[in-house]
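Reading through the structure tokens given below for one structure.
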Amino acid sequence: MKEKFYITTPIYYTNASPHLGHLYTTVLADVLARHSRQNIKEQNVFFLTGTDEHGAKNVKAAEKAGKNIKEFIDENVAKFQELWQKLDISNDDFIRTSDQKKHWPTVQFLWKKLEEAGDIYKGNYPGLYCVGCEAFITKKDLVDGKCRDHDQKPELIEEENYFFRLSKYTKKIEPLIKNNELRIIPETRKNEILALLKEGLEDVSFSRPAKDISWGISVPGDASQTIYVWADALSNYLSALGYGTADNEKFKKFWPADLHIVGKDIFRFHAAIWPAMLLSAKLPLPKAILVHGFITAGGKKMSKTLGNVVDPFDLVEEQGAEAVRFYLAKAISPFEDGDFTEEKFKKIYNGDLANGLGNFVSRVAAMIAQYFNGIISKPDDSILAKVPFLHSFKSLAHLDNQTNEKVEGFSIPYTIENLIRPEYEKLMEGFELHSALNLVWQFLAELDKYVQDYQPFKLIKTDQEKTQAVLWSLAFGAVSVAWLIKPFLPETGDKILKIFGVPSTDNPPAGGWQEFKITLPKESLFPRKD
Ligand code: ME8
């Protein structure tokens, strides 16, 4: 069992307000942070996000908007923070690279460490700079003379910079990634970076002349140079913990990071430059980097010219935060590109949330309210044995490796404890969040089937005892589902627990719940949308 969990998102550029892609990464991180808070002490989880506020990109956008840079950036940062609040993002901190007290001392301290290691030197090489990437790119990255990712012409820059000896570290990083000391997930990305490291990487420019890029952090001892935006940005993972300052308790407690989540666009910075910087500074490497794919809209890259940009604020306003979180986590595999369309959103909303979860919870709660005055307690085991979670459960039988034949006779609590939970934990550990949700929804479908099998609405007329066993089991199922979905749908999870009278702060009690007390909700959890 892990003892602490330090998880980060990239820090996002503040040249515009957040888009759906930023939301995607941050929701994934939030789900994993919430999940780990269920498994380890809350104070041992540290979830960091923030904003990357320097660099040419931000300056250019401010100029274009005709605004003072600081004002422009502050406005955009406020939008990120507002969106995270709307989405119930549970970050423990929010780091801003413009924070001179918190971020800058670490960046300069780390710079000096690299310098002490002999890994910083002055050089002068011409190169092609893509403002979109905030990086020097090579001719290989060009299509028709434009950057492949940003569809922009790079600028030819020839200037004196400080360089970082990345080349010295490629051979050192390679085995660490190969043997999973630094895990790269998924495997395809691991192979991609290994191939790149094998080829060897060139040293990278680590500063820009301050006369061109003054909005940034000065190179220690040379105010004529500004620290390159990536060296500045990557350091956020340490500055938030107070590394290199007197206030470094968090650093001692949380470093190394357990998981950096990044999109595929910036994974090379994280899997090559960042580990090289850490090795140079003699710091432990992060344990894992999860690289997710990109979200497209209607099968195409979101772009202003195509007019298919999904504004996350509008989306949340229209669909509700929980439904948006659900879509991002369930409809898209973190390991591949995923698509967003309104039709798909509606289908998932109506199918899984309104008709699936919402309908199930309200049916079960209503029956308990009606037939048992809202209170139902655990019946005797001998009665429970009469209403096993049946043959219908075969779709999950593969999860049980010891007693395939006995699959016909499991109780719902047994099934959750022995089949669902272990499989769910395995999927979460492997970051297969969409599959974890699929498992829960498969289970929900089986619970629906259980209702059909025993028909408690008819059974109540002939056998009260058995009906009690059926409904108690279903309530147990609903409450268990609430626990499993809480990292994804924190509000809905809590609402379900409230409906069944179960406190939401504690972990599920050992042995489960004995009694449920129903409070019928005023509104349905997910009203159907047409
Ligand atoms: O790169 N689909 O910031 P950024 C999914 N400041 N995720 C997407 C996405 C999409 N279409 N578009 C963006 C930077 N993202 C640097 C990072 S970290 C030390 C510095 C997400 O604002 C994804 O996580 O361009 C991607 O890696 C990140 O936003 C890039 O954000």
Q: Return the residue satisfying two criteria in turn: it lies in the range 400-412 and is at pLDDT below 60 and part of a helix (DSSP H, G or I), and of such residues it is surrounded by the fewest Cβ atoms within 10 Å (Cβ to Cβ).
A: GLU405
Q) Tell me, which helices (runs of 4 or more DSSP H) lie completely within the range 413-497 with 2 or more residues that are out of contact with any Lys or Arg (no Cβ under 7 Å at 6 or more places or on another chain) and surrounded by 23 or more Cβ atoms within 10 Å (Cβ to Cβ)? A) 433-454, 464-485
Q. Inside the range 21-80, can you point out the residues that are in a strand (DSSP E or B) and within 14 Å of the ligand (Cβ to nearest atom)?
A. LEU48, THR49, GLY50, THR51, ASP52
Q: Pairs only if they're at least six apart or on different chains, beta carbon under 8 angstrom, first in the range 363-388 and part of a loop (DSSP other than H, G, I, E, B), second hydroxyl-bearing (Ser, Thr, Tyr) and surrounded by 13 or more Cβ atoms within 10 Å (Cβ to Cβ); list them, first residue then second.
A: ALA385/SER411; VAL387/TYR454; VAL387/SER473; PRO388/SER411
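I'd like the full set of residues that are out of contact with any helix residue (DSSP H, G or I) (no Cβ under 7 Å at 6 or more places or on another chain), small (Gly, Ala, Ser) and part of a loop (DSSP other than H, G, I, E, B), limited to the range 328-360.
Keep residues of the range 328-360 that are out of contact with any helix residue (DSSP H, G or I) (no Cβ under 7 Å at 6 or more places or on another chain), which gives 335-339, 341-344, 346-347, 350-351, 354-355, 358-359.
With small (Gly, Ala, Ser) added as a condition, the list becomes 338, 351, 354, 358.
If the condition is that a residue be out of contact with any helix residue (DSSP H, G or I) (no Cβ under 7 Å at 6 or more places or on another chain), small (Gly, Ala, Ser) and part of a loop (DSSP other than H, G, I, E, B), then no residue fits.
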Q) Given (1) within 9 Å of the ligand (Cβ to nearest atom); (2) in contact (Cβ under 8 Å) with a residue 60 or more places away in the chain; (3) of a type in the set (Ser, Thr, Tyr), where does SER17 come up short, assuming only one miss? A) (1)
Q.
Out of everything in the range 273-321 that is near the ligand (Cβ under 10 Å from one of its atoms) and aromatic (Phe, Trp, Tyr), what residue ends up being nearest to PHE136 (Cα to Cα)?
A. TRP274
Q | All positions within the range 82-130 that are under 19 Å from the mean Cα position of the chain (by Cα), surrounded by fewer than 17 Cβ atoms within 10 Å (Cβ to Cβ) and among the charged types (D, E, K, R) | A | GLU82, LYS86, ASP88, ASP93
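Tell me the residue from GLU342, GLU317, GLU322 that is modelled with pLDDT under 95 and of a type in the set (Asp, Glu), please. It would help to see each step written out before you state the result.
Details: GLU317 fails: modelled with pLDDT under 95; GLU322 fails: modelled with pLDDT under 95.
Going through GLU342, GLU317, GLU322 in turn, just one is modelled with pLDDT under 95 and of a type in the set (Asp, Glu): GLU342.
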Q: Determine whether VAL219 is β-branched (Val, Ile, Thr), within 13 Å of the ligand (Cβ to nearest atom) and in contact (Cβ under 8 Å) with a residue 60 or more places away in the chain.
A: no
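Could you check how many residues of the range 240-267 are away from the ligand (no atom under 11 Å from the Cβ) and either among the polar types (S, T, N, Q) or assigned to a helix (DSSP H, G or I) (or both)? Steps first, answer last, please.
Step one: list which residues in the range 240-267 are away from the ligand (no atom under 11 Å from the Cβ), which gives 240-259.
Right, trim to either among the polar types (S, T, N, Q) or assigned to a helix (DSSP H, G or I) (or both) and you get 245, 248-254.
Count: 8.
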Q. In the set ALA61, ALA33, ALA29, ALA16, which member is at pLDDT below 95, in contact with a Ser or Thr (Cβ under 9 Å, 6 or more places away or on another chain) and among the hydrophobic types (A, V, I, L, M, F, W, C)?
A. ALA61
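The values are calculated or read from the model by the stated rules, or taken from the named source; none is laboratory data. A quick note: this is a predicted structure, and the numbers were derived from the prediction, not measured. Reconstructed Cβ throughout: ideal geometry from the backbone, glycine too, with neighbour counts over all protein chains shown.
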